[in-house]
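The structure appears below as structure tokens.
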Amino acid sequence: MHLRTFINGILVGVLLGVLFAPESGEETRRKISRRAQGIKDSYDDFADNVSSTYSKVKDKTSDIVNRAKDKFGKTQDETDSMYQA
């Protein structure tokens, strides 16, 4: 399932639930506002987690690439010195 479809389904469900609730308009608006804020907070947490994970993966990948470059350079130097001797 795509994340966008899932989030849209949640939003539609929340709106339908609120619209069919037997409460006053003012109370319904407060509920919508609270639920929208909760969804926004959840999304913000999700976005922060994705950003953090991306940064960790990027740093780890960069570290692996740099170690590979160092190892390749050392191997190349050793090979060059073998053929120059």
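The values are calculated or read from the model by the stated rules, or taken from the named source; none is laboratory data. Note that the structure is predicted; figures quoted are calculated from it, not measured. Using ideal geometry, Cβ is built from the backbone for each residue, glycine included, and neighbour counts are taken over all protein chains shown. With ligands, DNA and RNA removed, areas are computed over all heavy atoms of the protein, side chains included. Shrake-Rupley method; radii C 1.70, N 1.55, O 1.52, S 1.80 Å.
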task = Just name one of PRO22, MET82, ILE7: the one whose Cα is farthest towards the positive end of the charge dipole of the chain (beta-carbon charges, Lys/Arg +1, Asp/Glu -1).
result = PRO22
inquiry  = Taking the 0 to 90 degree range and rounding to the nearest ten, how far is the long axis of helix 25-84 tilted relative to the main principal axis of the chain, both from C-alpha atoms?
reply    = 10 degrees
inquiry  = For LYS58, give me every one of the aspartates and glutamates with a C-alpha distance below 17 angstrom, ignoring sequence neighbours fewer than eight places off in its own chain.
reply    = ASP48
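State whether segment 1-52 is rounded, prolate or oblate according to the following rule on the C-alpha gyration tensor (a ≥ b ≥ c being the square roots of its eigenvalues): a/c under 1.5 gives rounded; otherwise a/b larger than b/c gives prolate, and the remaining case gives oblate.
Details: a/c = 5.80, a/b = 1.82, b/c = 3.20.
Since a/c reaches 1.5 but b/c is at least a/b, the shape of segment 1-52 is classed as oblate.
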query = Counting only heavy atoms of protein chains, what accessible area per residue, in Å², does the chain have with a probe of 1.4 Å?
reply = 89 Å²
query = Can you list the aspartates and glutamates whose alpha carbon is less than 19 Å from that of LYS69, not counting same-chain residues fewer than 8 positions off?
reply = ASP59, ASP77, GLU78, ASP80
inquiry  = To test your reading of the geometry: what angle, between 0 and 90 degrees and rounded to tens, separates the Cα axis of helix 3-19 from the longest principal axis of the chain?
reply    = 20 degrees
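Using the Cα centre of the chain as the reference point, and only Cβ charges (+1 on K/R, -1 on D/E), how large is the resulting charge dipole? Debye, rounded to the nearest 20. Display every interim value, and only then the final one.
On the way: 14 positive and 13 negative charges, 58 e Å.
Rounded to the nearest 20 debye, it is 280 debye.
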